[in-house]
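Chemist: The structure follows.
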Amino acid sequence: MPDYHPSTAMEDTPFHQKSLWIFGYGSLVWRPDFQFSASKVGFIPGYSRKFWQGDTFHRGSPEMPGRVVTLQEDFEESTWGIAYEVRGDQIESSLEYLNIRESVLGGYITKLVKFFPQDEGEEGVLPVLVYIATPQNPGYLGPAPEEEIAAQIVVSSGRAGHNIEYLLRLANFMHSFCPEAEDKHLFSIEEALIAILPCLYSTDDPVTVFC
């Protein structure tokens, strides 16, 4: 399926069409912040989720960039998340919002990929729009050992909150909505974070507890 440049994502999507599905695999799984008509948990094949994108706005600062997720092509893996259906006027408004949140501030491009809703099989496959940060964008940090990524997350925060919250909410989504799915990279960073700050899980709401 084709790639799209951030500046043309909205131009290439006809607003008069009845429906568009947008796939979230990072903060969009708990905070889409745009109006939508329906949502489905599921996965896109051929990609793995990686904390390889730097963030100097939402979850970090120019002096201390945070780590957020992007996608890496990997034909042996799949990435779980939530697809949101936007309809009618919701299409234009959601893409205008995401063009700023993901493309301008986050350094992401867009692609159309296949999405497999949970428990629906081949019959439920949908085309979805997904935002991907590439190595060509200036905020890209690339791979690092999970322990180093966890250590960077611990000390980073931005306008949307602490980088720890980002990691824990994403891990909590996987544990709660995709309990049989495996995300070794995400879970390894979660384990490394817990080792650094063992009191993170000392209450019933670990996402809001930062030592």
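Matching residues to (1) open to solvent by less than 70 Å² (accessible area, probe 1.4 Å); (2) aliphatic (A, V, I, L, M); (3) modelled with pLDDT of 95 or more:
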| site | (1), (2), (3) |
| --- | --- |
| MET10 | yes, yes, no |
| GLY24 | yes, no, yes |
| PHE36 | no, no, yes |
| VAL41 | yes, yes, yes |
| SER48 | yes, no, yes |
| TRP52 | yes, no, yes |
| ARG67 | yes, no, yes |
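Conditions tested, residue by residue: (1) closer than 30 Å to GLU180 by Cβ; (2) touching a Cys at 6+ places or on another chain (Cβ under 9 Å).
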{"position": "LEU71", "(1), (2)": "yes, no"}
{"position": "TRP80", "(1), (2)": "yes, yes"}
{"position": "TYR84", "(1), (2)": "yes, no"}
{"position": "ASN99", "(1), (2)": "no, no"}
{"position": "GLU123", "(1), (2)": "yes, no"}
{"position": "GLN136", "(1), (2)": "no, no"}
{"position": "TYR140", "(1), (2)": "no, no"}
{"position": "ALA151", "(1), (2)": "yes, no"}
{"position": "GLY158", "(1), (2)": "no, no"}
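Chemist: Shifting gears a bit: Of all residues being in a helix (DSSP H, G or I) and farther than 14 Å from THR56 by Cβ in segment 154-165, which is least open to solvent (accessible area, probe 1.4 Å)? Just the residue, please.
Modeler: By that ranking, first place goes to ILE164.
Chemist: How many residues are without any contact (Cβ under 8 Å) to a residue 60 or more places away in the chain and closer than 10 Å to GLY54 by Cα when one looks only at segment 120-136?
Modeler: Number of matching residues: 0.
Chemist: Given (1) in a strand (DSSP E or B); (2) in contact with a Leu (Cβ under 9 Å, 6 or more places away or on another chain), where does GLN90 come up short, assuming only one miss?
Modeler: Evaluating GLN90 over (1) in a strand (DSSP E or B); (2) in contact with a Leu (Cβ under 9 Å, 6 or more places away or on another chain) leaves (1) as the failure.
For (1) in contact with a Phe, Trp or Tyr (Cβ under 6 Å, 6 or more places away or on another chain); (2) under 13 Å from ASP33 (Cα atoms); (3) touching a residue at least 12 places away in the same chain (Cβ under 8 Å); (4) not aliphatic (A, V, I, L, M), each residue gets a yes or a no:
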position	(1), (2), (3), (4)
THR79	yes, no, yes, yes
GLY88	no, no, yes, yes
TYR97	yes, yes, yes, yes
ARG101	no, yes, yes, yes
ILE109	no, no, yes, no
VAL113	no, no, yes, no
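Chemist: Every residue in segment 76-89 that is modelled with pLDDT under 95 and open to solvent by less than 40 Å² (accessible area, probe 1.4 Å), please.
Modeler: Of everything in segment 76-89, just one residue is modelled with pLDDT under 95 and open to solvent by less than 40 Å² (accessible area, probe 1.4 Å), namely GLY88.
The values are calculated or read from the model by the stated rules, or taken from the named source; none is laboratory data. Given the structure is predicted, the values throughout are model-derived calculations rather than measurements. Here Cβ is always computed from backbone atoms with ideal geometry, including for glycine, and neighbour counts include all displayed protein chains. All accessible areas refer to the heavy atoms of the entire protein, side chains included, with ligands and DNA or RNA removed. Shrake-Rupley method; radii C 1.70, N 1.55, O 1.52, S 1.80 Å.
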